[in-house]
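Below you'll find the structure, written out as C-alpha cells, and then a few comments.
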Amino acid sequence: MGKKQIILNTEIKLSVSTLNVQDCVDWVMSPETGGIDVFVGTVRNATKGKGVVRLEFEAYEKMAVSEMKKITQQAFAKWPVQKILIHHRTGVLQIGEIPVIIAVSAAHRDAAFDACRYIIDTLKQTVPIWKKEIFEDGEVWVAAHP
Amino acid sequence: MKINILAFGIAKDIFGSPEVTIDLANDATVSNLKYLLEHQYPRLNHLATYMVAVNNEYALDGDNIHERDEIAIIPPVSGG
C-alpha cells in the first residue's frame, strides 16, 4: 500500500508494490484531454560502466508526499494541464522495474510535455527519497558524496 | 530539551540508527543542531550537503527548534 493522496485533479502515491503504467494513463484521462505525457523511470543495469544488481529506495513518506504535492501545485500554476499523477516506489527494485511514473494530461501537448519534464526534474532535486545502488562488491547511496 | 532526530539514507548509516536523541538548549536553532551533530558524527561533514527538515518542511539555519518538533536529517536526495 503506502501513502496516497488525492486532491481533485492530483494523485500522489508512494507504493511498495509494482507500478502500473496503464493504470496511471487511465487515471489522468478525461473526455477533455487532448494529450497525455507519461514519464516512466526504469532501473538501469549499470552506473558509470559498473554493473548494478538492484536498487533500494527509501522515503521520508510524509514529507515526500507533501513535497510532491507542492511540485504538482507549481505545475498547475505554470501550465494549463488537467490532471497530474505521481507514483513512486519504495523498497527493493530489480533491473527493469519501475521506480517512478509521472502522467500529465492536458488539452494540448505542449503543456503536458513541459509540466511532465518539470515534475520529474524537480522531484529529483527536492523530494526526500533516497536510492541505494547495490553492486556485486558493495553498495552506494546515490549522490550522497561529492 | 531532548529532541528526537529522524535519519534517512546515508544519515541513518552515519548515526547507526533511524532515530537519535540530542540534548539542545531551549532556544536552539537549526544551525546549533547541525554544529552538535557534526561534532558527534563527523562523517556528516563528508556529505555533498545535507538539509534539516522541521515538521516536514526544509528549514533554514536560523530557524528555531521547539520541543516536540519533528526533526529529520535530509542527505542529498536521489529519487526518481
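What residue, among those in region A:97-146 that are in a helix (DSSP H, G or I) and closer than 11 Å to residue A:81 by Cα, is nearest to the other protein chains (Cβ to nearest Cβ)? Only one residue tops the list, namely A:116.
Looking only at region B:14-32, decide whether some residue is assigned to a helix (DSSP H, G or I), free of Cβ contacts under 8 Å to residues at least 60 places away in the same chain, within 14 Å of chain A (Cβ to nearest Cβ) and within 26 Å of residue A:92 (Cα to Cα).
yes
Could you count how many residues in region B:10-47 are modelled with pLDDT of 95 or more, under 17 Å from residue B:61 (Cα atoms) and of a type in the set (Asp, Glu)? Residues that pass the stated criteria total 1. Out of A:101, A:120, A:134, one residue alone is within 23 Å of residue B:18 (Cα to Cα), among the β-branched types (Val, Ile, Thr) and either in contact (Cβ under 8 Å) with a residue 12 or more places away in the chain or surrounded by fewer than 18 Cβ atoms within 10 Å (Cβ to Cβ) (or both). It is A:134.
Take residue B:61 and decide whether it is acidic (Asp, Glu) and in contact with a helix residue (DSSP H, G or I) (Cβ under 8 Å, 6 or more places away or on another chain). Break it down into steps so the answer makes sense when it comes.
Details: acidic (Asp, Glu): yes; in contact with a helix residue (DSSP H, G or I) (Cβ under 8 Å, 6 or more places away or on another chain): yes.
When the stated conditions are applied, residue B:61 passes them.
On the basis of being surrounded by fewer than 21 Cβ atoms within 10 Å (Cβ to Cβ), under 13 Å from the mean Cα position of the chain (by Cα), among the polar types (S, T, N, Q) and closer than 20 Å to residue A:116 by Cβ, does residue A:15 make the cut?
yes
The residue that is modelled with the lowest pLDDT, counting only those in region A:32-46 that are over 15 Å from residue A:110 (Cα atoms) and of a type in the set (A, V, I, L, M), is A:46. Criterion first (within 14 Å of another protein chain (Cβ to nearest Cβ), without any contact (Cβ under 8 Å) to a residue 40 or more places away in the chain, over 23 Å from residue A:55 (Cα atoms) and surrounded by fewer than 16 Cβ atoms within 10 Å (Cβ to Cβ)) does residue B:55 satisfy it? Here the answer is yes, as residue B:55 does meet what is asked.
The values are calculated or read from the model by the stated rules, or taken from the named source; none is laboratory data. Fair warning: this is a prediction, and the values are worked out from it, not measured in the lab. Because the Cβ atoms are built from the backbone with ideal geometry, glycine has one as well, and the counts that use them run over all protein chains shown.
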